[in-house]
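The structure appears right after this line, and notes come after that.
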Amino acid sequence: MLRSLVGSEMCIRDSNNTAVVFAVPYLTALQSVYADGPIDHILLPLFFQYCLQLKEITIMASSSTTPAQLLQLVQNYPSLHTICLHNPFFYTDEIVIGLAQRCPNLHKLALDNEVAFNTVTDSSLLALSEHCPNLRNLQFQYCTQITEAAVLHLVQQCKHLKFLAIPATILSEDTVFGVPFKERRKLSSFIMYT
């Protein structure tokens, strides 16, 4: 639902230096942004400037948004609770830790792209444990550099965690069955990817 709409013109030049003029609406009620294009690095700052109630952002692999730009943009959005990253350039400890520190109300963080150079480690899980107590859904199924100890710490610290997707090689069978019943019961989905 649009709460208000006030148009203003903006001129952006494309790769051929052709002027593209379009209206930038003042969309205070917009709550979700899906970034999947070659000029997202230009459009996202506009959305973040005008969309005061933004709660969700999805960045696809084809988006031109940079990791540094995302960290800068989320700085002023404590209500942002869902971040889905399909772009492998975002799969670093620097980005995940930065998001954890800037988004204390984070409910869902998904890194949904299988890549060989995923460098997310235990440092990311520890930051999420410390800064995001309301985390409910964590999709790290391709993060092969995290350890059992960090996963168990996250499960214990994030009391609202309901969905956890991690690589199958992270937890041993003894550990899975050794997780206290109270902790296992709260997870409605515990997926281990092979």
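The table for this structure:
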| quantity | calculated |
| --- | --- |
| Within segment 87-102, tally of residues that are touching a strand residue (DSSP E or B) at 6+ places or on another chain (Cβ under 8 Å) and open to solvent by 10 Å² or more (accessible area, probe 1.4 Å) | 1 |
| Among (1) open to solvent by less than 50 Å² (accessible area, probe 1.4 Å); (2) modelled with pLDDT of 90 or more, the one test that H153 misses | (1) |
| Filter result for L106 (closer than 30 Å to F47 by Cα and either modelled with pLDDT under 95 or surrounded by 19 or more Cβ atoms within 10 Å (Cβ to Cβ) (or both)) | yes |
| Those residues of segment 61-85 which are open to solvent by less than 50 Å² (accessible area, probe 1.4 Å), in contact with a helix residue (DSSP H, G or I) (Cβ under 9 Å, 6 or more places away or on another chain) and either among the hydrophobic types (A, V, I, L, M, F, W, C) or part of a helix (DSSP H, G or I) (or both), in sequence order | P67, Q69, L70, L71, L73, V74, L80, I83, L85 |
| Exclusive hit being modelled with pLDDT under 80, surrounded by 13 or more Cβ atoms within 10 Å (Cβ to Cβ) and touching a His at 6+ places or on another chain (Cβ under 8 Å), set N118, N113, N137 | N113 |
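The values are calculated or read from the model by the stated rules, or taken from the named source; none is laboratory data. Computed from a prediction, not measured in an experiment: that's the story for all the values here. All Cβ positions, glycine included, derive from the backbone under ideal geometry; neighbour counts span all protein chains shown. Each accessible area value is taken on the protein alone, full model and side chains, heavy atoms only, with ligands, DNA and RNA left out. Shrake-Rupley method; radii C 1.70, N 1.55, O 1.52, S 1.80 Å.
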